[in-house]
1. Which value results for Rg/Rh of the range 364-567 when Rg is the Cα radius of gyration and Rh the Kirkwood radius based on the inverse mean 1/r?
2. Under a crude label model (7 Å from the Cα following the beta-carbon direction), how far is E641 from E706 in nanometres?
3. Which three numbers, in whole Å and largest first, are the semi-axes of the equivalent ellipsoid of the range 176-270 derived from its Cα gyration tensor as √(5λ)?
4. Using the basic label-point model (7 angstrom from Cα toward the beta carbon), what is the R358 to V581 distance in nanometres?
5. What percentages, rounded to whole numbers, describe P(r) for the range 89-180 computed over all alpha carbon pairs with 5 Å bin width beginning at zero?
6. Within 10 Å of each residue's Cβ, count the other Cβ atoms and sort F134, F718 from fewest upward.
7. What number, rounded to the nearest 500 deg cm²/dmol, is the helix-based mean residue ellipticity at 222 nm of the chain, given -39500 (n - 2.57) per DSSP H run of at least four residues and division by all its residues?
8. Measuring from a point 7 Å past the Cα of R174 along Cα-to-C-beta, which residues in the range 205-236 have an amide N at less than 15 Å?
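Each value in this text was obtained by applying a stated rule to the coordinates, not by laboratory testing. Computed from a predicted model, the values in this text were never measured in an experiment. Note that each Cβ is placed from the backbone with ideal geometry, even for glycine, and that neighbours are counted across all protein chains shown.
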Amino acid sequence: MQNNQLLEKLGSLTVEEKIGQLVQLTGDFFEGDLDTVVTGPLKKLGLHQNYNVYNTGSILNVTDREKIIQLQTDYLEKSNHKIPLLFMADIIYGYRTIFPIPLAQTCSWNFESIEYAASIAARECYEEGVHVTFAPMVDIVRDPRWGRVMESSGEDTLLAKKYAESMVHGIQGRQGENSIPADKIAACVKHFAAYGAPVAGREYNAVDMSEHMLREYYLPGYQAAIDAGVKLVMTAFNTLNGIPATGNEWLNRDLLRQEMKFDGVLISDYAAVEELIMHGYAEDEAAAAKLALVAGVDIDMKTAVYANQLENVINGNEELQQLLDDAVYRVLKLKNDLGLFEDPFRGLKESRPLLATRILSDEHKTAARSLAEQSLVLLKNEQELLPLSKQAKIALIGPYAEETSTLGMWAIKGDERDTVNLKTGLLKHVDPEQISVCRGSHLLPDYARDALGKYVDKLPVETVDEDVLLQEAVRKASEADVVVLALGESIYQSGEGGSRTNPTLPEPQLKLLHEVSQLNKKLVVIVYSGRPLILTEVAAQADALIQAWYPGTMGGEALANILYGTANPSGKLAMTFPRSVGQIPVYYNELKTGRPNLPENGFYRFASRYIDEANEPLYPFGYGKSYTTFDYSLLSVSRKEMSADKPVDIEVSVTNTGKYDGKETVQLYIRDQFASVARPIKMLADFKQIFLRSGETGTVQFSISEDMLKFYGTSMKFESEPGDFEVYIGTSSQETPLTFNFALRAGEHDE
C-alpha cells in the first residue's frame, strides 16, 4: 500500500476507530459471544462496555498458527475497515528451537552466529503467524542481583551495540527497504531507557543516573538497533531521574524520535501506561493517557487507559488530535511494512505439507547446539582435568543431572520434552555403564521455594529426604573416577521479577558440593544460571568449573561435547563475576578515581578499596579458558601519533601453543589517559576471533580510528579530544600481555 493510500485509510477512521488501533489486548477478548466478553475480560481489564473489540489494533502472546488464522478471520469479518490485526509475542531467544539465553549468547562473542539464531527464531515465528517479537533487550547490566540480566548482552557497550545490530538483522533481515520479507518478522528493542540499572538491583525500581552515563554507556545499544532499522521500541517500567519512562516526553520525543531519529512504533511495556498513576506521576487514567500520548507512546499494552480515556482527552485539542493521527499512522505503516494489507495471514493460508515445517528441524537444532557450545564458559580447569577420558567412570550428580527445565524463564514456546538434558548428552559419547546418576540434593530449600509464589507449582516435587539423596550421592561419588556435579539456580529464580539479594547456589546444593569435595575425587562443577552467581566457594572446591547458563534445547549435547572434547570451549564472559555481594555492582570499565588502589602501594588504607575483600572480581569481563593455550606477540604498530584521517593499524601474532585446535577471542582495550571528563580505566574498543590448529600461528589486524576515541564531554557532544592513549591487547580485560601508547593530535600530522 502506498503512503497516500495509508493516509486515506487513516482519514477514513473515526476517532474511536483510531484509538482502537493503539490498543493491545489478549486473544481471550475475542472468544465466546459478546455477553461472555463483556462480563469476562472486558470487565477484568476495566474497558468500558461500549468498547468495540473489533477496532483493536494488536494482540499479545497468541502464538498458535490455527488460533491466529481463526482470530484474524473473525476480526476481518466483523471489523469495519478490514485493517488486519498485529500479533506480537515474547519470543526472546527462540520459538520452539530454544537457543541459550541472550547473556550466554553474547559470551560466544560470535555475532554472526547470534544473527543466524535470531533468523531461525524469526523463521519459526513466521511459520506460526507471529508478526512482532519483543527482542532484542539491550539494557546494559552491571548488577547480577537483577533477574533480567539473563535477557541482556551484559555490561559492555560495544557488545550491546553488536548484539542489537545482529538481532535486528536476524529478526527483520538486512533489506534496505521498509518492507519485511517472508521468513522475517518485526523486532522491538527494549527497554527504553536504562532499565538495566535499577537501584539495589531490585526489579521495577527507580533508575538514577547522570545524563553523561546515560549517553556514554546505555543509549548506544538502542541507537545501534535504530540504525539497523528496528521497527518498534518498548518503553521501560522504571523512572529515570524521577520521571517514569512511559510518560517522559524528553526521553521519548526529544531524545528517541528527534535526536536518535527513530520513526517507528513506540509501545508501552505491559500495563506501563496505567502504572503512571501508581508512580504518582499521573493523577488518574485521563492524566495517564495524556502524558503517554504526549510522550509519544503509540500502543498501550494491556490496559484500558487509551481505550477509555483518549477520546475525551483529545476532544477539542487539535494538537492532541494530531498526535493521535501520528500514532495511528505509525501503527498502520508497521502493518503495511509487514505486508498485512496484501495478505493479512502472511502466508499462513498457503497449503503446506505437514513435513515441510522447519520448526525444530535438524538444521535449527544444529545451530542451537553450536551456539550453546560457543556460549559455555570454562572458568577453571586444574591439571587439565577436562576434557574427560571416555574410559573414566563418571558419577553425574545434582539437580540438573537429568533436568530438562534448562530453557530459562522467557522461553514461552519452548517445550521441555524437546530438551536434551545432560545425562542424555553424555550417553551420546559413552556407554551407560560408564555413568552413574543421582539427584544428590533438592533444587531449592523450602524457604526459597515459598518465595517463588505461583511458580513453585512448576518446580519438581521433592519426594525424597535430603539426607537420603546426599548419602546416595556420596556412595556413587566414592565409586567413580570423576564426579560431575550439575548444579544451579532454578529458572524461576532469574528472569523478570527474579531479583536476589544473595545470588549464590542454593544451600542444599552447596551442602552437596561440600560433602562430595571431601572425598578428594576429581571434581567437575557445571553451573546453570540466568546470571553471574557468586561462585567463590564453589571455585575453591572444584577442579574444573563450567558456566553453562541456561543453554537451550540442545544444551545437554553441547555440554557433553565440551566435557569430552568434541568441542573446545571458547566462550568469554560478557559480564563480571563478583567475589561477594558487597562488591556489587562490579564491572571492568570503572573510573580510576582520585585514589586508586595501586598494587605498588601495598596495604594503603586511604585508597578506593575494601578492607575485607579484594577489589578484583572472581572472574573478569572477557575471561574464559580453553583446552589449549595461546601466545601473543606484537608484530607492528603503524604509527604512534594519529589524526582524524590517519588511523593506528596494528598487527598481532597469535600462536596456538597447546595440543588442541581452538578459537581465541583477541580483545583490544583503550584507555584515555587525560580528558575533560574522567574516563574508564579501559574500554573494549574492538575484538577479533581466530581459529588456530595446534601449533599454528596466525595474525590478527586491528585499526584504531578517531571514532573509537570519541566520548561525551562536558558539553554532551560526542567527539574526540587530542591526547595520549594506552592500548591493551589480550585474552580478557585483565589479561592483556600486549600494551603500547599512541597520541591523537589535532589536525594533520606529518610523518
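1. Working: Rg = 15.7 Å, Rh = 16.9 Å.
When Rh is taken as the Kirkwood radius, the ratio is 0.93.
2. 1.6
3. Working: eigenvalues 121, 39, 28 Å².
Ellipsoid half-lengths, sorted descending, are 25, 14, 12 Å.
4. 4.7
5. 3, 15, 27, 25, 17, 10, 3, 1, 0
6. Numbers: F134 25, F718 13.
Lowest count first: F718, F134.
7. Details: 19 runs with 190 residues, N = 751.
After summing the helix terms and dividing by the residues of the chain, the value is -7500 deg cm²/dmol.
8. 228-229
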